[in-house]
Each structure stands twice: as structure tokens, then as C-alpha cells.
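Below is one structure, written out as C-alpha cells; comments come after it.
The values are calculated or read from the model by the stated rules, or taken from the named source; none is laboratory data. None of these values were measured; they are calculated from a predicted model. Glycine also receives a Cβ, built like all others from the backbone with ideal geometry; neighbour counts cover every protein chain displayed.
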Amino acid sequence: MESIRPTQPRAIPRLDVVVIGGGQAGLSAGYYLREAGLRPDRDFTILDHAPEAGGAWQFRWPSLTLSTVNGVHDLPGGFGLAESLGLENSPEIKAAHAVPQYFHQYEARFGLPVHRPVSVRQVSLRGGRYLVETDRGRISTRAVLNATGTWDAPYRPAITGAERFTGLQIHAQGYRDAAPFRGMEVVVVGAGISAIQILEEVSQVAHCYWATRSAPRYHEGPFLPEHGRAAVARVEARVRAGLPPGSLVSATGLPPSEVLERARSRGVLDPKPMFTEMTEEAVILPDGTAHRADAVIWSTGFGNALGHLAGLGLFNAQGGITMTGRLATQVEGHPRLHLLGYGPSASTVGATRAGRAAVREVLADLRREG
């Protein structure tokens, strides 16, 4: 793409909107920008640092199937995942294959100007416009729709002695399958959906110690749409108040699933106290006893991949960003900067709705200026 190749100082491209991120939220925003009449690569563009289409889905572990993921919502426009898969459609198809294939076909069908791999290094304000600096040049834009999500910001708590541990340590981000852990003493850390999925798999080939900071919360009975809406509302209230969003699962509890039932039926769901220290070959429990460990899998969630926005000073003293707008995607004080996938929009259905709302709001602001 000519507009984001290394440029001469006099030739910085000037666009109306830059979308950062090519996952669910970024593609949704791109669709609504095209629907509103913006011209690809002349009025708006989408920058994605991943090597291929598919957002974070292309990096998910191979054993994760469409029957075990926590829902994949269709992108807007009437072209859904089932149509993309066609005869391949099956609950057991690998999510890391199905979703990237769907996103790739979606980009082509709707003519979305996604450019990859492009890494955004910094976004700053210059003369009332945003300057987006990438590894392939710079772009000046009137508005930024940031859709970088969480996958590139894995969180791991600081534990005394973690650097001394000589066994295998990985975050859930790097988990692929249970094979490397066969016959090991494995500590799985975390109480979310991914922790349960990993625990259920690894416990079939290894002895597992499931460490959680607090008792896992299970959602009793069917998980209805109103339960999801209530959880989103709680997270939305937090970000509107400038608080860190927290996770949707922490608000909903663990929803019923086949994986959860399999783990329960095998007696695997036996949470133990979180360890407070690590040695070369053990984790130290709160009572001082040592539990031998060959490996630790940190299924401790993700932060938000917003390092490229650091120069804008968005975070407050509480560690959050104060959000506004109809669906709490707009950064307070930055009417043309929207964060998609932050807080209440951190789900596939939330990301799609947020893309639509953010496009409407940012284009209305741009029209007012003329």
C-alpha cells in the first residue's frame, strides 16, 4: 500500500480515520466506515500487525474447537461464519482454522483495506490531528479507532522467586496442547474459562495443582442473554467511572460448558490456594509447605494492548481510562479516539456493536467540523 510505505518528509498521507487492529472489532469498524461512504485507502485504512487475517484467533491452541470457544459472533453485513465454512462447518473444526478463514473471506468480500503486517509504534497529537507512526511510515489522521484488543498484553502476576524456577513456565497465550506436559507435575494458575480449558486437557496426561487467588465463581443454571447484558453493564459502569475494566468473566461467573462438565465429572475442579513464592523446583504455599512442580501454566488473563497510545496520557491515577460515548468506546477528552475491545466491548458480540457505535460517533464529530 503506497500510503503507508516509508515516505518522504513532504508526503505524509492524510486520512480521515485510521483503524488499528484487524480482528473482530477492527473489521466491524471497517465495514461500517465503508457503509458510510468512506473510500478505502483514501479516507480510511486498517493497520494490523498480525501476519495473516484472523486476529488473535490464528494464535489459539489447536485443540480449541468451535464447540469449546466462548462464542464467535458473526461480523456485520450478512456474511457469517457458517456460510464461510460451508461444507466444512462442524462444532469440532479448529477455531484457529475456521475464524481466520472467515475473516480472510470477509475482508475480500467487503473490500476492506487491511494492511499487514504493520506495527504501530506510537500515536501522538499534532496540530489537532493524530500522527500514527508505524514500522512502514507515518500517517496523519483526523480520528483513530483503536482495536488492538488484549492478546498481545498477557498478564502474569509478580511472584517472589519466579525467575529462579528451572521448570517450564508459559502463559496461556503460548499454550498449544497438553503433549509437552505428559507425566509432569503441573501447576495451572487462574480461575477463568481458559484456565478450565487448559486444566481439563493437561490433567489427562499430567498431575495438576490448580492454583487460584479466590474461589472460582460458577454461574448456576442456564446462561441467558440477560446475564450477559448485566455483566456488560457492570463493566461499562466501571470504565465510565475511570476504573480498570476487569474481566467479563469476573462479572458473570464461569458459564456452563461441556469442558466444565468434563472436568467436574473427572474430579479435576479442585482449586487450591495460590502460592506465594517459587523456588528452583517448587511453589511455596501460604502455610510454608512446598509443592513440587515441573511446569507452571499462567492462565492469568490479559491486559489491554495500548502501549502505542502511552504518549497521549490516557491512564488516570486509578489505573483506568475514563470512557464516554453511547457504548463507552470514546476516550473522555479525545472525542475522535475510540477504544474498541476495551471494557464492555471485550467480546465478539460487544466488539461488533462497538464498531458500529464508534463509527457513527466519530463521523458525526468529523461532519460537525466539516
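Here GLN105 passes the criteria (1) under 20 Å from ALA50 (Cβ atoms); (2) part of a strand (DSSP E or B); (3) not small (Gly, Ala, Ser) except the one numbered (2). Looking across region 139-153, just one residue is at pLDDT 95 or above and surrounded by fewer than 18 Cβ atoms within 10 Å (Cβ to Cβ), and that is SER140.
The residues of region 340-370 that are out of contact with any His (no Cβ under 8 Å at 6 or more places or on another chain), in a loop (DSSP other than H, G, I, E, B) and of a type in the set (Ser, Thr, Tyr) amount to a single one, TYR342. Test ILE12 against the criterion of being modelled with pLDDT under 95 and over 21 Å from LEU340 (Cβ atoms), and give yes or no. Considered against the rule, which asks whether it is modelled with pLDDT under 95 and over 21 Å from LEU340 (Cβ atoms), ILE12 comes out as yes. Taken together, the criteria place GLU133 among residues that are within 27 Å of HIS308 (Cβ to Cβ), free of Cβ contacts under 8 Å to residues at least 60 places away in the same chain and assigned by TED's automatic domain parsing to the domain that holds GLY311.
Within region 259-299, the set of residues being of a type in the set (Val, Ile, Thr) and either touching a Pro at 6+ places or on another chain (Cβ under 6 Å) or farther than 29 Å from GLY341 by Cβ (or both) comprises VAL268, THR276, THR279, VAL283, ILE284, THR289. Of all residues in region 254-278, those satisfying the criterion of being surrounded by fewer than 16 Cβ atoms within 10 Å (Cβ to Cβ), in contact (Cβ under 8 Å) with a residue 12 or more places away in the chain and either within 25 Å of GLU226 (Cβ to Cβ) or among the polar types (S, T, N, Q) (or both) are PRO256, GLU258, THR276.
Take GLN318 and decide whether it is under 28 Å from GLY128 (Cα atoms) and buried (at least 16 other Cβ atoms within 10 Å of the Cβ). Considered against the rule, which asks whether it is under 28 Å from GLY128 (Cα atoms) and buried (at least 16 other Cβ atoms within 10 Å of the Cβ), GLN318 comes out as no.
Scanning region 196-222 for residues that are over 22 Å from the mean Cα position of the chain (by Cα) and more than 30 Å from ALA179 (Cβ to Cβ) gives SER214, ALA215, HIS219, GLU220, GLY221, PRO222.
Read through the list (1) of a type in the set (A, V, I, L, M); (2) in a helix (DSSP H, G or I); (3) under 21 Å from ASP270 (Cα atoms); (4) touching a Pro at 6+ places or on another chain (Cβ under 9 Å), then give the number of the only condition that ALA211 fails. For ALA211, the failing item is (2). Restricting LEU312, LEU337, LEU327 to those that are closer than 22 Å to ARG142 by Cα, assigned by TED's automatic domain parsing to the domain that holds ALA29, surrounded by fewer than 20 Cβ atoms within 10 Å (Cβ to Cβ) and among the hydrophobic types (A, V, I, L, M, F, W, C) reduces the list to LEU312. For region 121-134, the criterion of being modelled with pLDDT of 95 or more and either assigned to a loop (DSSP other than H, G, I, E, B) or under 30 Å from ALA191 (Cα atoms) (or both) is met by no residue.
Among the residues of region 179-203, which ones are in a loop (DSSP other than H, G, I, E, B) and without any contact (Cβ under 8 Å) to a residue 40 or more places away in the chain? Within region 179-203, ARG182, GLY183 meet the criteria. Residue count for region 330-357, restricted to those that are more than 15 Å from the chain's Cα centre (by Cα) and under 17 Å from VAL17 (Cβ atoms): 9.
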